[in-house]
C-alpha cells in the first residue's frame, strides 16, 4: 500500500533498460547522462501506457514497454552512437 497510486518513473524504466540491456554500449559512469539526454527523444513511447496502474510492473504492458524502449535505445545507438 505504500506505493499505491504512485506513477512509475519514465526515467527509472529507461535507466533499467539501458543498465540491463546495453552494459557494453553505455558505460556505468555514462548511463545517467545518456538516459537524461535520451528520455525526451523516446517520451512518445510511454504515451499508450498507464504508468499510474499499481500493477503496471507485473503486467504484460510493462513487458511491452520494456521491449519497445529496448528497440528505441538500440536504434538510437545504431544511428547516433553513445552521446
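The values are calculated or read from the model by the stated rules, or taken from the named source; none is laboratory data. Please read these numbers as outputs of a predicted model, since none were measured by experiment. Don't worry about glycine lacking a Cβ; one is built from the backbone with ideal geometry, like all the others, and counts go over all protein chains shown.
Things to note:
- Figure legend. Inter-residue proximity from region 1-20: first residues on the phi > 0 side of the Ramachandran plot and outside any helix (DSSP H, G or I), second residues at pLDDT below 95 and surrounded by 10 or more Cβ atoms within 10 Å (Cβ to Cβ), beta-carbon distance below 8 Å, spacing 6+ or different chains. Indicated pairs: 5/52; 5/54.
- For residue 46: the one exception among (1) part of a helix (DSSP H, G or I); (2) farther than 13 Å from residue 8 by Cα; (3) in contact (Cβ under 8 Å) with a residue 12 or more places away in the chain: (2)
Here is a yes/no grid of residues against (1) under 16 Å from residue 69 (Cβ atoms); (2) modelled with pLDDT under 95; (3) surrounded by 12 or more Cβ atoms within 10 Å (Cβ to Cβ):
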position	(1), (2), (3)
1	no, yes, no
4	no, yes, no
10	yes, yes, yes
27	no, no, no
35	yes, no, yes
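- Exactly one residue among 71, 81 is on the phi > 0 side of the Ramachandran plot and out of contact with any helix residue (DSSP H, G or I) (no Cβ under 6 Å at 6 or more places or on another chain), and that residue is 81.
- Residue 53 meets all of the listed conditions (1) outside any helix (DSSP H, G or I); (2) out of contact with any helix residue (DSSP H, G or I) (no Cβ under 9 Å at 6 or more places or on another chain); (3) surrounded by 12 or more Cβ atoms within 10 Å (Cβ to Cβ) but one, namely (2).
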